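Remarks on the structure that follows.
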Amino acid sequence: MEKEKKATKKQVQPTQKGKEINTEEKKETKKKESKIKGKTLDSILDLNANNVWELSEQAIAEAWNKEREEEDFSISEPKLLNIIRLAFEVVHFNPDNKREAAKFEKGGWATVEHCDSAKGCVAFRRKTIERITDLSYENIKHISASMLLELINRNFGGGWDSISLSVRDIIETGFDISTTQLPASRIHASGGTLEKKVAQGFEVLEIPKGTWVEAIFVKKKDPIEKLRMELPEKEYDEDGNRIHYQDEVDNVEETEEETLDNDDTYFSSISPEADVKDLEEEGLSIEDVSEDED
């Protein structure tokens, strides 16, 4: 009996690659949801295209309701709704219509009122990414490599070449992608491509194709920092005229002098040769001109 128990302990149930990816994707989703629930906004005006992906519906709704009655909120409202649309479904509805309003009481919707009550209310909830065609240039930067592999795996198992060029272009803006096809007997060879790519931080999806296997390697790209040039603020006097300081005037004069020194067209335009015309083109000869002068 003890030997039988030991034997059963050593037995391991075979796992399919698709199920492994699905489990990892669910774990990633739970982690992301827990992080999102903890994020808050100090002011709804702090909402932007980057942090909207990290906020829950309730956090945005709370910040919105705090400042909805502010005097200048109506100016910011259209811009804020456009930002929310990046990551959320947005629906406008009439709160007086009880049947319509009841649709948004469940299903993860958050509701807020327009600053102008005549416009009704707005309901929004996070967009779900269930198919590879749901990917966009905006959301591709906010999903994990395991989630991307799950979406590719759901795409009828056709591999990388079965994905349309437009979707591939979207994916490659957020991830480094490479593929290889090898016989099933060689795909896991020691020191092979798969082993090297995993060591470099890539996640792998294996798609069987007969006796061969296509391996798709995915790694999230590092975010690129945008360089910003800070210009000095312009100052004006009481009459609204721009104030120019001596340093600025000197720089302008030096720039003008350098331009004149390097501009050949300027000197050629005031040289005597610039006024000389081809007499023969005008139908005159040199003799005719000399006779007229006499």
- Query: Ignoring ligands, DNA and RNA, what percent of the accessible area of the stretch 87-164 is carbon or sulfur (1.4 Å)?
  - Reply: 47
- Message: If I model a spin label at VAL91 and ASP46 as a point 7 Å from the Cα along the Cα→Cβ vector, what separation in nanometres do I get?
- Response: 3.0
- Item | Area of ARG131 that stays accessible when all protein chains are in place (1.4 Å probe, Å², to 10) | 140
- Please list the non-local residues whose amide H lies under 5 Å from the amide H of TRP212, H modeled 1.01 Å from N, same-chain partners needing a gap of 5 or more. ALA184
- Message: Exceeding 22 Å between C-alpha atoms, which entries from my cross-link table qualify? They are LYS66/LYS127; LYS79/LYS127; LYS39/LYS66.
- Response: LYS66/LYS127
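For LYS103 and GLN200, calculate 0.36 nm times their separation in residues minus their Cα-Cα distance, and state this gained length in nm to one decimal. Please list the in-between numbers first.
Details: separation 97, 0.36 × 97 = 34.92 nm, distance 4.78 nm.
Contour length minus Cα-Cα distance gives 30.1 nm.
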- Under the 7 Å Cα-to-Cβ spin-label approximation, ASP134 and TRP212 lie apart by a distance in nanometres of 3.2
- Under a 5 Å amide H to amide H cut-off, with H placed in plane at 1.01 Å, what residues pair with SER178 once short-range neighbours are removed? PHE217
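Sort the following peptides by mean Cβ neighbour count (other Cβ atoms within 10 Å, averaged over residues), highest first: 184-192, 48-56.
48-56, 184-192
The values are calculated or read from the model by the stated rules, or taken from the named source; none is laboratory data. Note that this is a predicted model, so its numbers are computed, not measured. Cβ sites come from the backbone with ideal geometry, for glycine too, and all protein chains shown count toward neighbours. We work out accessible area using only protein heavy atoms, side chains counted, and drop any ligands, DNA or RNA first. Shrake-Rupley method; radii C 1.70, N 1.55, O 1.52, S 1.80 Å.
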